[in-house]
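Data first, discussion second: the structure below is written as structure tokens.
The values are calculated or read from the model by the stated rules, or taken from the named source; none is laboratory data. The shown structure was predicted, so the numbers you read here are calculated from the model rather than taken from an experiment. Here the Cβ positions follow ideal geometry from the backbone for every residue, glycine too, while neighbour counts run over all protein chains shown.
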Amino acid sequence: MKLRLWFSIIFLAAAMIAAIMPARAQDYNARAKAIVSKMTLQEKIDQLHGIRTATHHRYVPPLPRLHIPAMLVTNGPAGAGPGDPTPQEPATALPAPISLAATWDTNTARLYGVIAGRESRDLANGLLEGPDVNIARVPQNGRTFEAFGEDPYLTSEIGVAEIEGIQSQHIIADVKHYDANNQEADRFRVNEIVGERALHEIYLPAFDAAVHQAHVAAVMCAYPKVNGTYNCQDDLLMNQILKKNWGFQGFITSDFGATHSTVRSAMAGMDLEMPTGKYWSGALLQAVKSGQVPMSVIDDKLVRRYRTMMELGVFYHPPTHKPIPAKKDGAIARRIAEEGMVLLKNQGNLLPLDAASLHSIAVIGPYAAKAITGGGGSSHVVPLYTVDPVKGIQARVGSKVNVTFADGSDIQQAVALAKSADVAIVMVGDHETEGRDHPITLQGNQDQLVEAVAAANPHTVVVLKSGSVELMPWVDKVPALLEAWYPGEEDGNAVAAVLFGDFDPSGKLPLTFPRQLADLPASTPQQYPGVDGVVHYSEGVFVGYRHYDEKNIKPLFPFGYGLHYTTFAYKNLKVSPSSVSGKGTGAVTVDLDVTNTGSRAGAEVAELYLGFPSTATVPEPPKQLKGFERVELRPGQTAHVQIVLDRSSISHWNTEQHDWAVLPGTYRVMVGASSRDIRLQSGFSVQ
């Protein structure tokens, strides 16, 4: 009887919440409208842009007369970055977002968002500029480290979870950069010619998911032009797709300096110019007075922002400064860094290292000197503290093991050090930054350093700290290779934990590593970096692994790839039903079992790919990621995995109907440990 009573109470509470939420949203809308109705035209204009002073850089001023609070903004793809006021305040330097993507773990992504969101609010900010969900079309992009890789489904899943985490902390998430912000080269004026199908299947899905699944509060329009129109004055992208078709209820901010007009950007749907009112102060005031911009358009922009601020709890309860729990959040940052590392090679099971059997370790390389806390530019976080690589390794192995260091600038010195040690750990990498692209080759003498050390010591482990892919001419000469990305402030501890087996590597690549530049999907000047300011996305939907599969090119390391210190077996694939109607929901359930067949506990990501029917008019790649699940297993333990495919999973963009459509035919179901390691196959038909 008591159990029934509790169920009744739970159901009643759920019903009350369901009834209250729409009412509360309507109430906030009414309140926002009431406030806007009391504002003068000058006050409205002053509230539609930020200001920059000696102390304020990311700041929309308050309006005390109507009790409208200021809105303080911080950058946030990798934690609480540059914000307001200046100088920048320290926060937890989380691992780079590309490392988060490599976890293939939505729970971890949600936790990442919680840390970034709470710390941003603890620094008195009301809006966090992130996450960055732009697709890694070209790995040379200087901001590849800021986002989640080359696949729209993986990017959507990680992005949605992070947004949910951010906004659970009562702070506005501002997903960016809308849309097709895929290179830094010529970023302020480049014109990207993108086909309609590629736009909807590759570059828009993560933003769509942010709106429909995560209910993101804000969207940032980007610098480039798409098909001849700057993003921040593109009526199709902002008014038609985002606000009308998707029903987006939040507000659109400009990237800093991405506004190029007054009337056109206002009428196209942008809601807030940042960081100043270059186009939206005096010029917008005159445009309203002359009737070029209706007052209703102005009011809608303000209502959207105030309503959103109320819903997220930053209007009536503006954030105030609170101390950041450095040790607690640092421990979480370490765990995320460990989970995101990808074991790329482990010949002869050199890893994990056994501290008890070692007498000496040589730590070598420019990326072993200091903790690599993140990339450069507006995402840079000033860390609360750092753990350098040598310190982390020495702490792990104890005082009985002699740990020596050389930065690698003198290769002969490095070789001598490597020869005298039981194991050589070489740390190399790159330093990506906003504002410029980068070659995907290790700079300076790093390639020569790796080859020389590997020749001197057969027990050489390479730790790659990069924000994107790298070409590796030495890869066949080293027995062990770990991709650590930018590990964040806990670099030394996190890398040591994986190298010495305290954490079983479970990361999977969110990017395809090519063997040579010519293998990239965008390999001509017209495709990248562009000719005369124009870039043609002529590869269409064949981005990333889709291209490698279609062209039958063997990558260096494929998308979804990652080794472990244990082994996993896949069994008992079942797909039901075997046939669905293309006019129905298209729901298909995929079941399978994953067993840890090794001797160590670990985690595996089961990846589900679909092979669509391909026609001359709708050419499809051999496979597309449509589901995944990460499972943690003890030795001998089996986990049951179930992934449900819905209508969106089997849809393509029909350029004649300008809408999603489903082709009849047979759909191949492929489940495996990477895009090139398919363990189980089946299929279903669509009538």
- [ ] Among residues belonging to segment 323-352 that are surrounded by 19 or more Cβ atoms within 10 Å (Cβ to Cβ) and charged (D, E, K, R), point out the one that is nearest to residue 114 (Cα to Cα).
- [x] 329
TODO: Can you tell me which residue among 523, 538, 466 is among the hydroxyl-bearing types (Ser, Thr, Tyr) and closer than 25 Å to residue 337 by Cβ?
DONE: 466
- [ ] May I ask you to verify whether residue 89 is part of a loop (DSSP other than H, G, I, E, B) and either over 22 Å from the mean Cα position of the chain (by Cα) or within 25 Å of residue 371 (Cβ to Cβ) (or both)?
- [x] yes
- [ ] Please work out if residue 590 is more than 30 Å from residue 351 (Cβ to Cβ), modelled with pLDDT of 95 or more and either assigned by TED's automatic domain parsing to the domain that holds residue 484 or buried (at least 20 other Cβ atoms within 10 Å of the Cβ) (or both).
- [x] yes
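Please specify each residue of segment 117-156 satisfying the condition of being part of a loop (DSSP other than H, G, I, E, B) and of a type in the set (Val, Ile, Thr).
Going through segment 117-156, the residues part of a loop (DSSP other than H, G, I, E, B) turn out to be 124-126, 130-131, 133-143, 147-151.
Scanning segment 117-156 gives 133, 135, 138.
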Task: Top-ranked residue in segment 390-434 [being basic (Lys, Arg) and either outside the structural domain of residue 481 (by TED's automatic domain parsing) or in a helix (DSSP H, G or I) (or both); ranked as surrounded by the fewest Cβ atoms within 10 Å (Cβ to Cβ)] - done: 419
Open item on the list: With the structure loaded, tell me whether residue 362 is farther than 27 Å from residue 329 by Cα and surrounded by 16 or more Cβ atoms within 10 Å (Cβ to Cβ) or whether it fails that test.
Closed with: yes
Open item on the list: With the requirement that a residue be out of contact with any Ser or Thr (no Cβ under 9 Å at 6 or more places or on another chain) and assigned to a helix (DSSP H, G or I), what does segment 180-199 give you?
Closed with: 198, 199
Task: Selection count, segment 538-559, where residues are assigned to a helix (DSSP H, G or I) and touching a strand residue (DSSP E or B) at 6+ places or on another chain (Cβ under 8 Å) - done: 1
Task: Residues being within 20 Å of the chain's Cα centre (by Cα) and farther than 15 Å from residue 143 by Cβ - total across segment 176-202 - done: 5
TODO: Give the residue that is nearest to residue 111 (Cα to Cα), with candidates limited to residues of segment 287-329 that are of a type in the set (A, V, I, L, M, F, W, C) and either touching a strand residue (DSSP E or B) at 6+ places or on another chain (Cβ under 6 Å) or outside any helix (DSSP H, G or I) (or both).
DONE: 324
TODO: Return yes or no: is residue 367 in contact (Cβ under 8 Å) with a residue 40 or more places away in the chain, in contact with a strand residue (DSSP E or B) (Cβ under 6 Å, 6 or more places away or on another chain), of a type in the set (Phe, Trp, Tyr) and outside the structural domain of residue 24 (by TED's automatic domain parsing)?
DONE: yes
Task: Residues (buried (at least 20 other Cβ atoms within 10 Å of the Cβ) and touching a Lys or Arg at 6+ places or on another chain (Cβ under 6 Å)) located in segment 609-644 - done: 609, 610, 621
- [ ] For residue 355, work out the one condition from (1) surrounded by 20 or more Cβ atoms within 10 Å (Cβ to Cβ); (2) touching a helix residue (DSSP H, G or I) at 6+ places or on another chain (Cβ under 7 Å); (3) in contact (Cβ under 8 Å) with a residue 60 or more places away in the chain it doesn't fulfil.
- [x] (1)
- [ ] Could you please find all residues in segment 649-681 being in a loop (DSSP other than H, G, I, E, B) and touching a helix residue (DSSP H, G or I) at 6+ places or on another chain (Cβ under 6 Å)?
- [x] 655, 662, 675
- [ ] Please tell me if residue 258 is in contact with a strand residue (DSSP E or B) (Cβ under 9 Å, 6 or more places away or on another chain), closer than 27 Å to residue 54 by Cα and not in a helix (DSSP H, G or I).
- [x] yes
- [ ] State which residue is surrounded by the most Cβ atoms within 10 Å (Cβ to Cβ) when the search covers only segment 208-221 and only residues that are in contact (Cβ under 8 Å) with a residue 60 or more places away in the chain and not in a helix (DSSP H, G or I).
- [x] 217
- [ ] Would you tally the residues in segment 376-389 being under 20 Å from residue 407 (Cα atoms) and surrounded by 20 or more Cβ atoms within 10 Å (Cβ to Cβ)?
- [x] 2
Task: Filter result for the condition that a residue is under 32 Å from the mean Cα position of the chain (by Cα) and among the aliphatic types (A, V, I, L, M), over 384, 417 - done: 384
Task: Selection within segment 39-61 - out of contact with any strand residue (DSSP E or B) (no Cβ under 9 Å at 6 or more places or on another chain), at pLDDT 95 or above and polar (S, T, N, Q) - done: 40, 42
Task: Residue ID - surrounded by the most Cβ atoms within 10 Å (Cβ to Cβ), chosen from residues in segment 520-561 that are aliphatic (A, V, I, L, M) and either more than 13 Å from residue 676 (Cβ to Cβ) or out of contact with any Pro (no Cβ under 9 Å at 6 or more places or on another chain) (or both) - done: 535
- [ ] Among what's in segment 349-386 and is of a type in the set (Val, Ile, Thr) and outside any loop (DSSP other than H, G, I, E, B), pick the residue that is farthest from residue 99 (Cα to Cα).
- [x] 361
Task: Options 100, 94, 72; residue that is part of a loop (DSSP other than H, G, I, E, B) and surrounded by 14 or more Cβ atoms within 10 Å (Cβ to Cβ) - done: 94
